[in-house]
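The values are calculated or read from the model by the stated rules, or taken from the named source; none is laboratory data. Just so you know, these numbers come straight off a predicted model, no measurement behind them. Note that each Cβ is placed from the backbone with ideal geometry, even for glycine, and that neighbours are counted across all protein chains shown.
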């Protein structure tokens, strides 16, 4: 049985491969993002209890202007299909590196992050 692959997916793969940034450009973007994550930030009200991970991450992403991706496959492999709906909370944060704030949130859902180019990818800490 032949599997039908939508044309736009194939085209997207080819375009990505042909126009992927060179390694030097990718490293520069990653370095810029790492500097952004080292910046000290203040969350006056923190994050209220039972806020969804989705809401918390979107708030940080929008406020501090970074690209964010969720590697859903790493969560699905360990049986978590609803990671973005998981509740998180965070006390007031004063002059704390953004990377620390981000990791404190992700620790609550057994997740961490990787930097690839100019994107922060949220991944599961659990392996299966």
So residue 56 clears everything in (1) exposed (fewer than 13 other Cβ atoms within 10 Å of the Cβ); (2) at pLDDT 95 or above; (3) within 17 Å of the chain's Cα centre (by Cα) except one condition, right? Which one?
(1)
The lone exception for residue 61 - which of (1) surrounded by 10 or more Cβ atoms within 10 Å (Cβ to Cβ); (2) over 24 Å from residue 125 (Cβ atoms); (3) at pLDDT 95 or above it fails
(2)
Give me the residue from the stretch 80-104 that is part of a loop (DSSP other than H, G, I, E, B) and free of Cβ contacts under 8 Å to residues at least 40 places away in the same chain and, out of that set, farthest from residue 43 (Cα to Cα).
81
Mind checking which residues of the stretch 30-46 are surrounded by 14 or more Cβ atoms within 10 Å (Cβ to Cβ), touching a strand residue (DSSP E or B) at 6+ places or on another chain (Cβ under 6 Å) and within 19 Å of residue 113 (Cα to Cα)?
30, 33
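Go through the stretch 29-63 residue by residue and tally those that are in contact with a helix residue (DSSP H, G or I) (Cβ under 6 Å, 6 or more places away or on another chain) and not in a strand (DSSP E or B).
Within the stretch 29-63, the subset in contact with a helix residue (DSSP H, G or I) (Cβ under 6 Å, 6 or more places away or on another chain) is 37, 39, 41, 47, 52-54, 56.
Cutting the leftovers down to not in a strand (DSSP E or B) gives us 37, 39, 53-54, 56.
The total comes to 5.
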With respect to residue 127, determine if the residue is farther than 16 Å from residue 51 by Cβ and in contact (Cβ under 8 Å) with a residue 12 or more places away in the chain.
yes
For the stretch 118-127, indicate whether the set of residues that are surrounded by 12 or more Cβ atoms within 10 Å (Cβ to Cβ), at pLDDT below 95 and in contact with a helix residue (DSSP H, G or I) (Cβ under 7 Å, 6 or more places away or on another chain) is non-empty.
yes
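Being at pLDDT below 95, touching a helix residue (DSSP H, G or I) at 6+ places or on another chain (Cβ under 9 Å) and under 23 Å from residue 123 (Cβ atoms) narrows it down to one of 21, 87, so name that one. Talk me through it step by step, then tell me what you get.
Details: 87 fails: at pLDDT below 95.
Selected residue: 21, the only one of 21, 87 that is at pLDDT below 95, touching a helix residue (DSSP H, G or I) at 6+ places or on another chain (Cβ under 9 Å) and under 23 Å from residue 123 (Cβ atoms).
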